[in-house]
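Quick notes on the structure that follows.
The values are calculated or read from the model by the stated rules, or taken from the named source; none is laboratory data. Remember, it's a predicted structure, so these values are computed and weren't measured experimentally. Because the Cβ atoms are built from the backbone with ideal geometry, glycine has one as well, and the counts that use them run over all protein chains shown.
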Amino acid sequence: MLARLNDNWSLLNPWRTVNGLQKELLGLFDDFNENLNRYRAGYPQMLIEDAEKDLIVRMSLPGYESQDMDIEVVSDFLTIRAQRTCPMLKKDEKFLHRERSFGKIEESIKLPSKVKSGKVNAKYADGVLVITLPKEDVEKPHIVKIG
């Protein structure tokens, strides 16, 4: 009888709910810290728009040159690589303050649908990279009637 009572108590244990909430809150902080670390590391911000026939990706890349960017599309994966080099200073020049990041970045994302990789279009203007990815046509089911 005592073991049965303890089993029921474990189902109604108020600490079980508190522990679940604690895990969820810690998960939120983990996501926040990951995004904060990406920001600190100089990772660019990205926006993906799901239009009717296209996926449109906008990525903030201020200070980069278009010839230093590389875009790779395979099926439903998009990889963007870019590099920004530190400006060379003359012998008598020095930095007083520097917050701008330099180096290579690489961002790979899984797209929500497959795209026509041969028809991808990319433009870079005013520090924003815009990539238009035409979606592949979804096969419609073929219904066969039994005669």
Query raised in the report: Where in the range 65-147 are there strands (runs of 3 or more DSSP E), lying fully within it, with 1 or more residues that are surrounded by 10 or more Cβ atoms within 10 Å (Cβ to Cβ) and of a type in the set (S, T, N, Q)?
Result: 77-84, 103-110, 121-125, 128-134
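Yes or no, residue by residue, for (1) acidic (Asp, Glu); (2) modelled with pLDDT of 85 or more:
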{"position": "Ser75", "(1), (2)": "no, no"}
{"position": "Met88", "(1), (2)": "no, no"}
{"position": "Arg98", "(1), (2)": "no, no"}
{"position": "Pro112", "(1), (2)": "no, yes"}
{"position": "Val120", "(1), (2)": "no, yes"}
{"position": "Glu136", "(1), (2)": "yes, yes"}
**Report entry** Within the range 44-64, considering residues that are over 18 Å from Asp137 (Cβ atoms) and assigned to a loop (DSSP other than H, G, I, E, B), the one modelled with the lowest pLDDT
**Finding:** Pro44
